[in-house]
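Where a number appears in this text, it was derived from the coordinates with a stated rule and is not lab data. Bear in mind that the values here come from a model prediction, so they are computed numbers and not experimental data. Here the Cβ positions follow ideal geometry from the backbone for every residue, glycine too, while neighbour counts run over all protein chains shown.
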Amino acid sequence: MFKTHLALGILVSVLVINYLQLESWILFGITLVFASVLPDIDISKSKVGKKFWPLSSIISFLFGHRGFIHTIFPPIIAVSTATIFGYGTLGLAFLTGYGTHLISDIVTVQGLMPFFPLSKIKASGFIITGGLIEHTVFFGALIFLLRVVMTTF
């Protein structure tokens, strides 16, 4: 669910920013959080898909939901491009956020094929999207985020 991807993106952003002790953390954090919800642009009915319609409809038509956009290749392309143009830190933010989304989708029953089209091996877990465990993860992320923010600032 969007809210779980968002909460995990914000949590990971705060943790990485604290770990790396970044001085210019605002753009890093925004990039990471944006990338943590971006893969769902491949479904036009998602929150991201609605914001970027008609692009999301085109992406959905070309790749389908949890197709190529939900692989390791888009973030690798993005981080490589960012690094070439001297924005390696933002590339790292994008890679981390996007990776957070992919990992959180891998643990769901639906799973995904992280190396598609090179491999059709599917990675999946036991969490039902929108189910009790996902809601628990969402609230757990919020509680942990609150704790980190309160002890950091």
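Only sites in a loop by DSSP and with at most 12 other Cβ atoms within 10 Å count here; which trypsin sites (Lys or Arg not before Pro) in region 34-103 make the cut?
For trypsin sites (Lys or Arg not before Pro) across region 34-103 that sit outside H, G, I, E and B with at most 12 neighbouring Cβ atoms in 10 Å, the list reads LYS45.
Near LYS120, which lysines are there with a Cα under 27 Å away, not counting those fewer than 8 places off in the same chain?
Qualifying lysines at Cα under 27 Å: LYS45.
Can you name the helices of the chain, as whole DSSP H runs, whose Cα span along the helix axis is 20 Å or more and whose Kyte-Doolittle mean is not below 0.0?
Span-like helices here: 2-20, 88-106, 132-152.
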